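S.K.: My questions all concern the structure below.
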Amino acid sequence: MANYHRNNVENVVLGHHNRSKFSSTLAGHFRLWNAASFRRVIFDAVSCGASSRYADRSDTSSEKPQHQQRTTKPNNNAKSEKLSDLLSIAEAEADVETKKKEEKLEELKRLVKELQHEEDSAKRTEAAATVRLLAKEDLEVRGTLAMLGAIPPLVAMLDEAQNEVDSLVASLYALLNLGIGNDANKAAIVKVGSVEKMLKLIESPDGLDSSVSEAIVANFLGLSALDSNKLIIGSSASISFLVRTIQSKDNKSSPQAKQDAFRALYNLSIFPANVAFILETDLVVFLVDSIGDMEVTERTLAILSNLVSTREGRKAISAVPDAIPILVDVLNWTDSPECQEKASYILMVMAHKSYGDKQAMIEAGIATSLLELSLLGTTLAQKRASRILEILRVDKGKQVSASYGMGAAVSAPICGSSSGKADGGGRECFEEDEEMMSEEKKAVKQLVQQSLQQNMRKIVKRANLPQDIVPSDHFKSLTSSSTSKSLPF
């Protein structure tokens, strides 16, 4: 029995190796285990479902998470502590910000209440000045003040403080700043009757202080930027006031007020219904006469560009003496491309709509200016110049074709009656007429070429180009069909 157990244990330990080898190996490296010990080890391994080798691994693996847990616990705690610190800081900052907003809201409420106190005018003036400063650069404050009801008391101050310049200036500029970048506020300011109250100040028999006048012009400029306000302001007497402002020559209006008045009139002229109110004044004559003053010429041409879009506006511009020659002269202002673009637009619309204006342009020598502009102007100016040239060429061609038609109808019977031979005298007369016409055409062509060469030399001289420059293909395309029909000489 003992032998059996021994042999059995040896078979289990040795596997497919021989005993001698196992014995020699054990003799050199290991101590021999007895049979009972091996039986115990084997029994434990079988009962656990794994060998002792895997049991050791499971022990080490079970110990490993415990070691990791011990090492990571402090890190998790540190992270959670940092996170809680950040959250507490964010909450503290949010509380501070909320507190600031609450304090600011309370201050704005206090200002609105002070604006509503009619008894203490000094306090109201001070509150209006504060509103003016707070609303100057803060869009959020403008909306908050309007929601709290700051606009009606500020407009009411225009009625109640007519003789107090400081109060009027403070309330007017407070309204101006409340409307900056806020269309809802602009509409609300007009809706509560600010335009009528400003006009009452303008018509005051005691006269109007220059600072108050300048503040009113600035308000008209800001309020007229909103489309829904354009007709309300334009149909009032505000246009006459603005025209008087830009025409002032006794230094009653500051340069800033004049610039604001030009811009306000431009905003109002965008709306076609206001053109009739503008034409009731002498604004168009003043605008045409102002062309040449480089401080206001661009704004002047901008207003005329809006007026020329209506039939009444075109008639008013054409009725001004020398309006067409003045506009044509602007095309030669190489130092002001913006003015060239606006003047070419006005001339293009007038040439397209009115035959009389086209004749006046031809008489003013517009062809030379258009050729120069089509070569040296901006891209937009070149397109407009080419369009005007095309309009003039087509119209001139129609006139010449009509005149030649009438001549043929009259001359054909006369030539035929000079001789009884159909193929004799008639043909001879026709050939002579054709020779005469060819000579006329040659003379006209020669004159046109001379005129174009002179114009080209002027253009080259203006552009400071070499005198032997070769005309571009664009110039050739413009002059290839140039005869007495298209370009005057």
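S.K.: Taking interchain pairs and intrachain pairs at least six residues apart, which have beta carbon atoms under 8 angstrom, with the first residue in the range 362-381 and in a helix (DSSP H, G or I) and acidic (Asp, Glu) and the second crowded, with 20+ Cβ neighbours inside 10 Å and at pLDDT 90 or above?
M.R.: Glu372/Leu331
S.K.: Here is a further query. Filter the range 287-331 down to residues that are hydrophobic (A, V, I, L, M, F, W, C), without any contact (Cβ under 8 Å) to a residue 24 or more places away in the chain and in a loop (DSSP other than H, G, I, E, B), then give me how many there are.
M.R.: Residues that pass the stated criteria total 0.
S.K.: Suppose we keep only residues that are more than 16 Å from Leu199 (Cβ to Cβ) and among the aliphatic types (A, V, I, L, M) within the range 215-245. Which one would you say is surrounded by the fewest Cβ atoms within 10 Å (Cβ to Cβ)?
M.R.: Among those that are more than 16 Å from Leu199 (Cβ to Cβ) and among the aliphatic types (A, V, I, L, M), it is Ala225.
S.K.: Turning to a different aspect of this structure: Across the range 246-266, what is the total count of residues that are under 24 Å from the mean Cα position of the chain (by Cα) and loosely packed, with under 13 Cβ neighbours inside 10 Å?
M.R.: Total meeting the criteria: 1.
S.K.: Hey, Gly181 hits all of (1) within 30 Å of Lys230 (Cβ to Cβ); (2) at pLDDT below 90 but one; which does it fall short on?
M.R.: Gly181 satisfies every listed condition except (2).
S.K.: In addition: Please indicate, with yes or no, whether at least one residue in the range 125-139 is part of a helix (DSSP H, G or I), of a type in the set (Asp, Glu) and at pLDDT 80 or above.
M.R.: Checking the range 125-139: at least one residue is part of a helix (DSSP H, G or I), of a type in the set (Asp, Glu) and at pLDDT 80 or above.
S.K.: Out of the range 221-234, which residues are closer than 18 Å to Gly143 by Cβ and outside any helix (DSSP H, G or I)?
M.R.: Ala225, Leu226
S.K.: Quick one: which of Thr334, Thr281 is over 30 Å from Thr245 (Cβ atoms), part of a loop (DSSP other than H, G, I, E, B) and among the β-branched types (Val, Ile, Thr)?
M.R.: It is Thr334.
S.K.: In addition: Phe286 - would you say it is modelled with pLDDT of 95 or more, more than 24 Å from Ser386 (Cα to Cα) and surrounded by fewer than 17 Cβ atoms within 10 Å (Cβ to Cβ)?
M.R.: In short, yes.
S.K.: Still on this structure: In the range 382-396, what residues are in contact (Cβ under 8 Å) with a residue 60 or more places away in the chain and basic (Lys, Arg)?
M.R.: Arg393, Lys396
S.K.: Inside the range 147-220, counting only helices (runs of 4 or more DSSP H) that do not spill past its ends, which hold 2 or more residues that are farther than 19 Å from Lys252 by Cβ and over 34 Å from the mean Cα position of the chain (by Cα)?
M.R.: Output list reads 151-160, 165-179.
S.K.: Mind checking whether some residue in the range 99-119 is among the β-branched types (Val, Ile, Thr) and either closer than 30 Å to Pro205 by Cα or at pLDDT below 90 (or both)?
M.R.: For the range 99-119, residues among the β-branched types (Val, Ile, Thr) and either closer than 30 Å to Pro205 by Cα or at pLDDT below 90 (or both): absent.
S.K.: Next question. Filter the range 176-214 for residues that are under 18 Å from Glu137 (Cβ atoms) and among the polar types (S, T, N, Q); which is surrounded by the fewest Cβ atoms within 10 Å (Cβ to Cβ)?
M.R.: Within the range 176-214, the match that is surrounded by the fewest Cβ atoms within 10 Å (Cβ to Cβ) is Asn182.
S.K.: Failed condition for Ala261, given (1) assigned to a loop (DSSP other than H, G, I, E, B); (2) closer than 18 Å to Ile180 by Cα, with all others met?
M.R.: (1)
The values are calculated or read from the model by the stated rules, or taken from the named source; none is laboratory data. Please read these numbers as outputs of a predicted model, since none were measured by experiment. Virtual Cβ from ideal backbone geometry, glycine too; neighbours counted across all protein chains shown.
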